[in-house]
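Please read the structure below before turning to the comments.
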Amino acid sequence: MKGSGLVAFYPRFVNNDKPSMQALRTHFRPRPTQFSKCLQRASKPATAPISCLLRHSSHLSGPAETPNKLAKIIEDTIRSTGPIPVSKYIQLCLSHPTEGYYMKGDIFGTKGDFITSPEINQAFGELVGIWLLSRWLEDGKPSRVQLVELGPGRGTLMDDVLRATRGFKEFASALTSVTLVETSEQLRKKQNEKLKKYGVPLSWHDRIEDVPQDAYSLIVAHEFFDAMPIHVLQKTERGFREVLVGLDSTTLIKNRSPLDIDTTLASPTVQHTSSRLNFTLSAESSPVTSVLVASSPRFANLPTGSRIEVSPASFKIAHKMGNLVEKGGAALIVDYGGPRFFGNSFRAFRKHKVVEVFEGPGSSDLTANVDFAYLKEAMSQPGLFHGLLSQRDFLLKMGIEVRCNALMRSAINDERRKDIEHSVKRLIDPLGMGTQYQVMAVTPKEKPYPFLEAMDNVMERKDAGAEKRGESASANKD
């Protein structure tokens, strides 16, 4: 693998010589000759009619299950008040106080339902930590710093960030707290067990609005926005109508999930479910639908048949994130999606397989692609947004190959060395996670390394091109 000057960034991992703070600052200054193409061609947005939500997929798997407690709660709610928005269904499935997915046991790693980048190799979180450290340096080393993570899972990413940065004494002295936005009490306990060893005060909040604003904020959101509830809207001849979750008789559901995210460990098969839940289209428009359509100028002139997934929760959180950064700080967002809206990305994961979204509510992770352009629109100042970069490009430019070589040299045996090499390759695989995941930076000042002005221009062209193709393609129905 290639060498890099970023060897100097790992005083505790790569060599025994602690680099100077000035050296770290110098290495992170943009060097245009190091940059390569950052974005893969965006695919066309899904704009088929609602029947597309109920068709064959070779990606669906898992045995049928009898209705659980949450399924009964949802069905009773629908019988009482009528069909509910997809956003409400997602909220209940993920965050119900007793039956919600995130309120239960360990859902991460090989024994859980999905694997995230920090769980695959420690170098991912270490490089995120180095990037955050570089922003603190460029902003003049503020004397009070808080590390903030949205949706920290088991605390693996923050663990790697703290380990990678604690060797820089000035930063360690300035770090006043680690703030975690997490609603699950079980996950809070796991995070506390993993992070308390660093001796940094830990605090938890249910919402980003509750995060203190009295310190320089370094924020990371990894696979956070994909779990935010979405509304699904479809353009009809009478305007936009909302796709709702309703009840039906026993049905064979064959739900399509078009994006092959690298969280599967085996090839799934078609599955049958006897769930009484199904998708239905609202007969009338509503004030909520009107507000959501008006929330982005990109939605205004879409043709009949277009379908869009909109997350007002993501918009609100991104806006607040921008406010925190404006007061002093920086943020890094890593997620799957692209600089455009999506119409048919809503899907469920269980045991590393894509399953039907109505199968066993509360027992699967529900997710949808992130519209990064929508996050950008939420920022109070357009200049806050930088990127997108593919995860592959971000990690390569940050020196993951160097870190991989160092880890392999310190490995205890050949088997461990092979595991390290394989895991790093998986993170940067151009046919997998390397391009499926995108990285966005939020800073109030100059373009941070490794983001450049040219990358923003590329994103703008991709955004405009995708929307234009979407308008053309949406006229073609299945």
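Things to note:
- Assessment of the range 203-210 against the conditions (touching a residue at least 60 places away in the same chain (Cβ under 8 Å), surrounded by fewer than 17 Cβ atoms within 10 Å (Cβ to Cβ) and either farther than 15 Å from L150 by Cβ or touching a Gly at 6+ places or on another chain (Cβ under 7 Å) (or both)) yields no matching residue.
Residue by residue, here is whether (1) among the polar types (S, T, N, Q); (2) open to solvent by 10 Å² or more (accessible area, probe 1.4 Å); (3) assigned to a helix (DSSP H, G or I) holds:
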{"site": "V291", "(1), (2), (3)": "no, yes, yes"}
{"site": "I308", "(1), (2), (3)": "no, no, no"}
{"site": "K320", "(1), (2), (3)": "no, yes, yes"}
{"site": "F342", "(1), (2), (3)": "no, yes, no"}
{"site": "V357", "(1), (2), (3)": "no, no, no"}
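- Matching residues, the range 141-182, being under 15 Å from the mean Cα position of the chain (by Cα) and surrounded by fewer than 17 Cβ atoms within 10 Å (Cβ to Cβ): none
- At least 1 residues being buried (at least 21 other Cβ atoms within 10 Å of the Cβ) and among the basic types (K, R) is the threshold, and among the helices (runs of 4 or more DSSP H) wholly inside the range 376-459 those reaching it are 391-398, 400-409.
- For beta carbons closer than 6 Å, sequence separation of 6+ or different chains, a first residue in the range 397-425 that is within 25 Å of V439 (Cα to Cα) and a second that is among the hydroxyl-bearing types (S, T, Y), the qualifying pairs are G399/S4; V402/S4.
- Considering residues of the range 94-104 that are crowded, with 17+ Cβ neighbours inside 10 Å and farther than 24 Å from L233 by Cβ only, the residue farthest from the chain's Cα centre (by Cα): E99
- Any hit, the range 191-207, residues being among the small types (G, A, S) and within 17 Å of V442 (Cα to Cα): no
- Within the range 293-306, the residues that satisfy the criterion of being more than 12 Å from K235 (Cβ to Cβ), of a type in the set (G, A, S) and open to solvent by 10 Å² or more (accessible area, probe 1.4 Å) are A294, S295.
- Across the range 82-93, not a single residue is classified as surrounded by fewer than 19 Cβ atoms within 10 Å (Cβ to Cβ), modelled with pLDDT under 95 and in contact with an Asp or Glu (Cβ under 9 Å, 6 or more places away or on another chain).
- Look at the range 62-76: where a residue is among the acidic types (D, E) and a partner is open to solvent by 50 Å² or more (accessible area, probe 1.4 Å) and modelled with pLDDT of 90 or more, sitting 6+ places away or on another chain with Cβ atoms under 9 Å, you get E75/L247.
- D248 being within 22 Å of the chain's Cα centre (by Cα) and open to solvent by 30 Å² or more (accessible area, probe 1.4 Å): no
The values are calculated or read from the model by the stated rules, or taken from the named source; none is laboratory data. What you see is a predicted model; the values in this text were computed from it and never measured. Positions of Cβ are generated from backbone atoms using ideal geometry, with glycine treated the same way; all protein chains shown enter the neighbour counts. Heavy atoms of the whole protein, side chains included, go into the accessibility calculation; ligands, DNA and RNA do not. Shrake-Rupley method; radii C 1.70, N 1.55, O 1.52, S 1.80 Å.
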